[in-house]
Amino acid sequence: MTRTSGGVHELGSDVPPTVADVDRIAAHADPVVRNLMITHCYHELSRALADRTGGSANWCTFAVWASKQVGQTIRQEDPARLLERLLASSPETRASADLLVRALRLAVPRRVADDAERLVRQAVVATARLDAAADASARGNLKVFAEIAREFARFLAEFPGDGSIDTFRAALRPGEPPEGQRYLGQAFTRYHRAMTTDDPKERAELLLLANVEIGLHEQTRLQPEITAALEAPVVDPRDLERRLFDVLLPGNRVVKWLRRALLTVLGRRTAVRLAAGQLADRARALARRAVTEHLMTMALPGGEVLDLGVDLVAEYPPLLAHLANPELLALLRTVDPTPDSLRDTAARDWSDLPDRMHYIADLFRCHASRADLLDPPFTPEQVAELTSGRRPPGRL
């Protein structure tokens with residue numbers, strides 16, 4: 001089998017990604033292409049482990065769709081569109097824009113004033129620092145992949161085989177996350193047992209336990225990047241004021257200077273600054289809402305979109321309706337305040353680790369047997385482009 005220097009499998013490959021493949025993908029310089037490669041690699045790791053554990057979902061299965069969603073933030077697609085919609089539907093933003101135009105009325109040409117609302121929205125989106133949210137999301141995407149996908153690749157290379165799970169675990173760091181890898185060691189021990197048991201219920205509970213353990217490790221590690229992404233949108237009043245002057249006071253540099261001078265002579269500069277500050281405050285709240293809403297959304301196969309701020313609407317699969325594994329029950333008692341129920345699973349604050357884990361634990365349990373989660377996230381044509389190290393065209 002051949003591979004590219006980017007570490008993406010050739011189409012039709014039946015061998016799971018190796019540690020070297022993961023390392024090559026993690027080293028890719030373009031965060032957009034790297035995210036797409038990461039998502040595809042998670043899919044291959046997911047399918048390889050599912051083939052050895054009865055076809056049920058593992059942590060990589062869910063990572064495929066989480067990584068695909070994060071890719072939209074990295075590419076700054078949906079957050080910008082959502083912010084535009086929020087600004088357009090906000091009466092407060094329209095009022096602030098009107099106040100600003102009134103303050104500028106003697107310096108703004110009539111044709112610009114008529115289109116001021118749209119121009120103001122464009123200026124806000126341009127200064128909302130959505131790029132900072134994208135950077136934080138890309139760092140988190142890489143951080144988790146470089147660590148956890150690498151261990152999945154190592155695990156799949158060693159088992160089944162003559163290796164010992166104790167030898168595998170010895171290479172992991174002891175201790176608690178974010179630096180320790182105790183939960184990873186425990187999780188791969190569960191996966192190893194799930195590969196060998198003939199009891200379907202025991203296997204299902206072992207897989208769920210492993211998935212939640214890796215989820216807890218992952219989410220603890222991601223805390224700084226999640227917080228950074230949520231706090232990234234900062235609409236600075238001075239930056240916004242400069243951008244507004246650029247779009248609302250047209251003309252060459254001399255004309256712009258004359259228009260600003262006119263504002264100063266007329267005593268309107270302070271009013272403009274106050275209006276821009278008020279607009280920045282309101283826009284900042286909407287920008288954070290846009291990023292938050294996007295981060296708290298996950299698209300699944302078949303067009304289903306989960307709103308992570310709403311209680312899950314699903315059922316536990318039969319093998320996981322009533323749990324018996326004592327270690328699984330003990331772990332769920334620490335992360336699930338409403339045991340055996342989907343009540344209050346909605347994550348009210350995505351920056352809060354316990355809030356996230358409550359939702360994630362029940363998500364893993366509800367969708368453990370969902371076969372379409374193992375479907376590829378990209379078309380064969382898109383994978384072919386990735387195999388060549390290029391960003392595929394079309395909707396991703």
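The values are calculated or read from the model by the stated rules, or taken from the named source; none is laboratory data. Because the structure is a prediction, the values reported are computed rather than measured. Here the Cβ positions follow ideal geometry from the backbone for every residue, glycine too, while neighbour counts run over all protein chains shown.
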For this session: Being over 23 Å from Trp350 (Cα atoms) and not in a loop (DSSP other than H, G, I, E, B) is the filter here, so list the residues in the range 304-338 that pass it.
Result: Pro318, Leu319, Leu320, Pro326, Glu327, Leu328, Leu329, Ala330
Exercise. So which residues in the range 311-336 are under 16 Å from Val212 (Cβ atoms) and without any contact (Cβ under 8 Å) to a residue 40 or more places away in the chain?
Worked result: Pro326, Leu329, Ala330, Arg333, Thr334, Asp336
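Give the residues of the range 275-323 that are β-branched (Val, Ile, Thr) and in contact with a strand residue (DSSP E or B) (Cβ under 7 Å, 6 or more places away or on another chain), sorted by residue number.
Within the range 275-323, the subset β-branched (Val, Ile, Thr) is 291-292, 297, 305, 310, 313.
Residues satisfying the conditions are Thr297, Val305.
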Exercise. When only residues in the range 186-202 that are of a type in the set (D, E, K, R) and in a helix (DSSP H, G or I) count, which is farthest from Glu151 (Cα to Cα)?
Worked result: Lys201
Exercise. Are there any pairs with C-beta distances below 8 angstrom linking a residue in the range 56-79 that is in contact (Cβ under 8 Å) with a residue 24 or more places away in the chain to a residue that is small (Gly, Ala, Ser) and not in a helix (DSSP H, G or I), with the two at least 6 apart or on different chains, and if so which?
Worked result: Ser56/Ala368; Ser56/Ser369; Ala57/Ala368; Ala57/Ser369; Trp65/Ala299; Lys68/Ala299; Gln69/Ala299
For this session: Go through the range 339-384 and give me each residue that's over 23 Å from His217 (Cβ atoms), of a type in the set (A, V, I, L, M) and either free of Cβ contacts under 8 Å to residues at least 24 places away in the same chain or part of a helix (DSSP H, G or I) (or both).
Result: Ala371, Val383, Ala384
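Of everything in the range 162-185 that's part of a loop (DSSP other than H, G, I, E, B) and farther than 18 Å from Val144 by Cα, which residue is modelled with the highest pLDDT? Step through it out loud before you land on a result.
Residues of the range 162-185 part of a loop (DSSP other than H, G, I, E, B): 162-164, 171-181.
In the following step, the residues that additionally are farther than 18 Å from Val144 by Cα were identified as 162-164.
On the way: Asp162: 67, Gly163: 72, Ser164: 86.
Selected residue: Ser164.
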For this session: Quick one: which helices (runs of 4 or more DSSP H) lie wholly within the range 4-85 and hold at least 1 residues that are within 30 Å of Ala126 (Cβ to Cβ), at pLDDT below 95 and of a type in the set (S, T, N, Q)?
Result: 59-74
